[in-house]
Protein chains: 2
Amino acid sequence: MSGAYVHGYHPQESERLQDQAGTLVDLLHSDTSYPVGSSVLEAGCGVGAQTVTLARNSPGARITSVDISAGSLKQAKAKVDAAGLSNVQFRQADIFALPFEPESFDHVFVCFVLEHLSRPVEALGALKSLLRPGGSITVIEGDHGSAYFHPDSAAAREAIRCQVELQRRAGGDAMIGRQIYPLLVAAGFDAVHVSPRMVYVDSSRPHLVEGFTKKTFTAMVEGVRDSAIEARIVEPELFDAGIRALYRTAEPGGVFCYTFFKGVAEKARRWA
Amino acid sequence: MSGAYVHGYHPQESERLQDQAGTLVDLLHSDTSYPVGSSVLEAGCGVGAQTVTLARNSPGARITSVDISAGSLKQAKAKVDAAGLSNVQFRQADIFALPFEPESFDHVFVCFVLEHLSRPVEALGALKSLLRPGGSITVIEGDHGSAYFHPDSAAAREAIRCQVELQRRAGGDAMIGRQIYPLLVAAGFDAVHVSPRMVYVDSSRPHLVEGFTKKTFTAMVEGVRDSAIEARIVEPELFDAGIRALYRTAEPGGVFCYTFFKGVAEKARRWA
């Protein structure tokens, strides 16, 4: 799977992911808390953008966070240590070949990971095999096709399309958020429930203007500039006009909308 | 303003608007209730799709519902009478030339109206002049640019674009929902607060699959078929493929997303 990721591996990207987690933490994570004594697998923790929140919201749970990248794991561990949390252990592993016994976890947590995988249903199936019957899985993903804004701009839509196209070429799907329900069903999970988490930003919400529209979404799109131009997906002038138009939506009178999707499902219990 | 409306004037359209109100009534209206004795202007009531809900949720308020179409008013009155409600009076008038004294209403309610107007800020300004200082305005609009779905389909997006384009040619804006905040600010309202109301539909929500994806949204887009073909905006084959693709999103494994926007604002009080 290495090389198949569009973002998360460069220092600026790490900072952006951290900004994202800081801004969106309540919206995405406030309703996830695991019981004392439960074992939780965080699959694909990356640089730990979500790990600190996960560990803090479930202080009595034992969390195992895995990622394929040793460098990312090192950053994630530093974050967790700096936060004074002691309920997380880290392990380097591929999500398709996790070194754990079947049915050894009570819960699985997967955030911003499926978007990078060419076989998300298989990944969910692999995670399901690690869950005990009756255990839960929580999946959180964004969806770049959910972004719209005022003033509308064809150039801005084109710049976003570059990110979607690069992620597609890398084997991922930047519009996966809307698909969480059918993906969990296809992987054989029960009691699937998906709830959208819309981020709505207008001038009355300066924290989100800064933290989401500018520093999270537009910074992410801006981050693919060189790759998109090198891949000849876009002309530099059009891309740059698109980025300016995205920043314009963060000025007075502008509006920006984006939706994350959070799915929770269960692995069926066995009946005697 | 007659002739400038894309929908709401044909029997099937009336039925669709009624279905829409029936399905979305809680999502859009449950947090709107006016005090006993207050006077409320419903500007652009159409066939009364929202009027019954409005009157029922505010039984002690005196509601004045106006529309430019005598035929629509007649249908609206029949609905209100059939519901046994007696707190609504109807009046035929143009939203830009309303026959009321300045500052004669405590509250104004405008739902699915601004999308049809070429000068929405002026309309809001005209309504503001009818509000007493300290009074409130409530604005609800959809946004066709907020529609996305799984499976994604270029043909479906094209069919939706036909509706947007026809509404644009008629002087309206089918993507006005996202603009409610800047429009209310531009019209000089204070304390503007906009909240998105996202409709998320997957196979676990059969009531919304039927009531929203099929009977509200897709039926609405399907309703512009002849106009779009006549206006040469689209080839019939492509449009029909788009409608099939929209219905596909209502089948098992499909997902449909759409967002309405509700804005509430105040007219500033005068200071002595």
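With a simple spin-label model that places each label point 7 Å from the Cα along the Cα-to-Cβ direction, the separation between A:Ser195 and B:Arg168 comes to 3.7 nm. Looking at chain B, the pairs of alpha carbons with a distance over 33 Å make up 20% of the total. Against chain A, whose longest principal axis is taken from its Cα atoms, helix A:154-169 shows a tilt of about 40°. Label points for B:Asp26 are taken 7 Å from Cα along Cα→Cβ. From this copy to the others they lie 2.5 nm apart, shortest first. A crude spin-label estimate for the pair B:Arg269 and B:Ser203, with each label 7 Å from Cα along the Cβ direction, gives 5.6 nm.
Across every pair of non-identical alpha carbons in region A:88-184, the mean reciprocal distance, once inverted, gives a Kirkwood radius of 15.1 Å.
Note: the protein assembly as shown, Cα convex hull, 177 Å³ per residue. Of all chain B residues, the one whose Cβ lies closest to the rotation axis that maps B onto A, given with that distance rounded to whole Å, is B:Met198, 3. Global dimensions of region B:98-245 from alpha-carbon coordinates: Rg and Dmax equal 18.0, 54 Å. With label points defined 7 Å past Cα in the direction of Cβ, position A:Glu210 shows copy-to-copy spacings of 5.0 nm, given to one decimal and shortest first.
Which order do the peptides A:72-80, B:108-116 take when ranked by the mean count of other beta-carbon atoms within 10 Å per residue, highest first?
Highest to lowest by the protection proxy: B:108-116, A:72-80.
Taking every residue in A:183-195 and counting other chain Cβ atoms within 10 Å of its Cβ, the average works out to 2. Model label points for A:Phe96 and B:Asp81, set 7 angstrom from Cα along the Cα-to-Cβ axis, are 6.9 nm apart. I need the calculated FRET efficiency for the pair A:Ala70 and B:Ser30, taking r as the beta carbon distance and R₀ as 51 Å, to the nearest 0.05. Working from the Cβ atoms, E equals 0.50. Label point of B:Asp81 (7 Å along Cα→beta-carbon): distances to the other copies' equivalent points are 8.0 nm, sorted ascending. For chain A, the longest principal axis of the alpha carbon atoms and the long axis of helix A:236-248 meet at an angle near 80°.
Helical runs assigned H by DSSP (4 residues or longer) give chain A a calculated mean residue ellipticity at 222 nm of -10500 deg cm²/dmol, each run adding -39500 (n - 2.57) before division by the residue total. Calculate how many DSSP beta bridges within the protein assembly as shown are antiparallel, expressed in % of all such bridges and rounded to the nearest 5. Restricted to the protein assembly as shown, the bridges split so that about 50 percent are antiparallel. For chain A, the longest principal axis of the C-alpha atoms and the axis of helix A:120-130 are separated by about 30°.
Readers should treat all values here as calculations from the given coordinates under stated rules, not as data from a laboratory. This is a predicted model, so every value here is computed, not measured. Positions of Cβ are generated from backbone atoms using ideal geometry, with glycine treated the same way; all protein chains shown enter the neighbour counts.
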